[in-house]
Amino acid sequence: MTPLHSPFDSRLGLGITLAVASFLIGPVVLSVLAGLTRNYFIGLSSGLTLRWIAEVWSLYADTIGRSLLVALLTLVISTALGVPLAWVLTLFPGRAGRALEELLTLPVAVPGLASALALILSWGTLPGLRGSLWFIVIGHVLFTLPFMVRAARASMAQGLAVLDEAAATLGASRLARFFTIVVPNAMPGILAGALSVLTLSIGEFNLTWLLHTPLTKTLPVGLADSYASMRLEIASAYTLVFLLMLLPLMMGLQWLARSRVTPS
């Protein structure tokens, strides 16, 4: 019997995979090395140093803490809004539910700059809001909320309505059923949505760039500023700091996705 996959096919597939990985990862590796070398234009022969990371910390430490604060606030609000919305969409999957879900996804489909401009025109005149960090949080919630809703609803669609109905027949209130049945059983999707919200909020640039002020600059905006006005080594070191913040979240998201499909 002829084998389904010959050794040549395996080598070809491995070669293509390595080529694509090199194409995607190569620029990141070069950028990281640039942030650790004394002089990028001389190369590794100039020696390795942590000086540029120290420079990034002294110049942009406030943007790192601010990005984490924005991401955490965005997570709290997106979770508080997204989980109940996901449950409503699960209980009422008709035409109105589909229309609401499509409306929620509009900020994802519309370019970030357009969404930011709409926010400025509609809410930017409120006293104190335009120059505050909350203005960026509002934009991030609009952008990340659909991801929380989709992730939570995917877990809720797995027979939770039947459990909820059974608990209702036993006299449990709607609020009690939501917190004791819906939320615990939908926790894998909620956690996946939470990691998505954190990752997207920390890395969001287009919307934030138009919403920020000099006093509310976040990490991605500071990264763009460093590439425009600083030495290449400092900008590359900033990229390294950015990656060190995002990689644990990405690894957690991948682990959670595998744990959801692996049978217990």
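A short reminder: the numbers here are calculations on the coordinates, not readings from a lab. Bear in mind the structure is a predicted one, so any value in this text is a computation, not a measurement. All Cβ positions, even for glycine, are placed from backbone atoms using ideal geometry, and neighbour counts span all protein chains on display.
Put a plus charge on the Cβ of each Lys and Arg, a minus charge on the Cβ of each Asp and Glu, and nothing anywhere else: the dipole of region 45-261 about its Cα centre is then about 260 debye. At q = 0.17, 0.22 Å⁻¹, what log₁₀ I(q)/I(0) does region 41-176 have when each alpha carbon counts as one equal point scatterer in the Debye sum? Taking Cα atoms of region 41-176 as identical point scatterers yields -1.00, -1.30. When you restrict to C-alpha pairs under 8 Å that are six or more residues apart and normalise by the size of the chain, the relative contact order lands at 30 percent.
If R0 is 51 Å, what FRET efficiency do you get for Val28 and Thr169 from their C-beta distance, rounded to 0.05? Efficiency at R0 = 51 Å is approximately 0.40.
In the chain, taking the dipole from charged Cβ atoms about the Cα centre, the farthest positive-side position among Leu91, Ile25, Thr180 is held by Thr180.
Label separation (Glu102 vs Trp134): 3.4 nm, computed from points 7 Å beyond Cα along the C-beta direction. Helical runs assigned H by DSSP (4 residues or longer) give the chain a calculated mean residue ellipticity at 222 nm of -25000 deg cm²/dmol, each run adding -39500 (n - 2.57) before division by the residue total.
Building the convex hull from the alpha-carbon atoms of the chain and averaging its projection over directions returns 21.8 nm².
How big is the shadow of the Cα convex hull of region 71-130, averaged over all directions, in nm²? Taking the Cα atoms of region 71-130, their convex hull projects to 5.3 nm² on average.
With a simple spin-label model that places each label point 7 Å from the Cα along the Cα-to-Cβ direction, the separation between Asp62 and Met250 comes to 2.9 nm. When the Cα positions of Leu48, Leu160, Val76 are compared along the charge dipole of region 45-261, Leu160 comes out farthest toward the positive end, with charges on each C-beta of Lys, Arg, Asp and Glu. A full extension of the chain between Ile120 and Leu81 corresponds to an added length of 11.8 nm, given 0.36 nm per residue minus the alpha carbon distance. Here the alpha carbons of region 139-264 define both size measures, Rg and Dmax, at 19.8, 67 Å.
Less than 5 angstrom separates the built amide H of Thr37 from those of Thr49, all sequence-distant by 5 or more or on a different chain.
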